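Encoded as structure tokens, the structure appears first; notes follow it.
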Amino acid sequence: MSEVPIVELLDWTRARALAQPMRTAVFVLEQGVPAELEWDEWDERSVHALARQGGTPAGNGRLLPADEEGTVRIGRMAVLGPFRVRGVGAAILRALLARARETGARQALLHAQASAAGFYRRHGFTERGGEFVEAGIPHVEMVLSLHGSSGD
């Protein structure tokens with residue numbers, strides 16, 4: 001019954017029509033993030049991972065360009081409710097990390113919702129610093145070295 005998610009990496013022009021409604025559903029409607037905080041200038045400059053399962057849009061995430069130290073930032077990871085705990089988030093994260101490695105990035109950084117920190121730990125991320133609130137939700141900063149690391 002559970003198919004392997006298919007992930008496509010797209011620019012914002014191509015990803016927007018499907019990514020925007022998914023992010024609105026998860027962040028704005030489900031989690032109560034103010035819409036004005038959800039949309040920013042980074043969407044245009046990021047690579048977007050769009051996951052489908054069984055042909056149906058299931059989730060997305062984005063990869064911001066590397067900074068001068070070679071750190072990329074992963075963000076806006078959103079999986080629609082019916083597709084959670086089915087490998088969609090892991091497939092999105094793997095695709096974004098693979099792209100980061102392809103570009104020569106040295107490290108990946110993200111702000112994980114505290115409730116999702118275990119998911120990122122299972123993929124090799126470690127917490128850096130204490131818990132903080134972002135958009136009204138507890139988060140923790142997490143990092144992953146991309147040197148000599150090949151997978152999830």
Given 127-134, 39-46, the highest-first ranking by average Cβ count within 10 Å works out to 39-46, 127-134
Per residue, what accessible area does the chain have, given a 1.4 Å probe and all protein chains present, in Å²?
51
Would you kindly derive the ³J(HN,Hα) couplings of the range 76-88 from the backbone phi angles with the Karplus curve 6.51 cos²θ - 1.76 cosθ + 1.60 (θ = phi - 60°), listing them in order in whole Hz, with x for Gly and Pro?
6, 6, 9, 10, 5, x, x, 10, 6, 6, 10, x, 5
With N set to the residue count of the range 1-121, report its C-alpha Rg divided by 2.2 N^0.38 Å to two decimal places.
1.00
Whole-Hz Karplus couplings 3J(HN,Hα) for the range 16-25, θ = phi - 60° and coefficients 6.51, -1.76, 1.60, Gly and Pro as x, run 3, 4, 9, 5, 4, x, 5, 5, 4, 4
Using modelled amide H (1.01 Å from N, peptide plane; none on Pro or chain starts), what sits under 5 Å from the amide H of R73, excluding residues fewer than 5 places away?
L64, L109
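Carbon and sulfur atoms: what percent of the 1.4 Å accessible area of the chain do they account for?
53
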Residues whose built amide H sits under 5 Å from the amide H of A105, excluding neighbours closer than 5 in sequence, are none
Could you give the size of the charge dipole of the range 37-138 about its Cα centre, using +1 on the Cβ of each K and R and -1 on the Cβ of each D and E, expressed in debye and rounded to the nearest 20?
680
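The values are calculated or read from the model by the stated rules, or taken from the named source; none is laboratory data. Everything numeric in this text was worked out from a predicted model, so none of it was measured. Glycine gets a Cβ as well: all are built from the backbone with ideal geometry, and neighbour counts include every protein chain shown. SASA here: full protein model, heavy atoms, side chains in, ligands and nucleic acids out. Shrake-Rupley method; radii C 1.70, N 1.55, O 1.52, S 1.80 Å.
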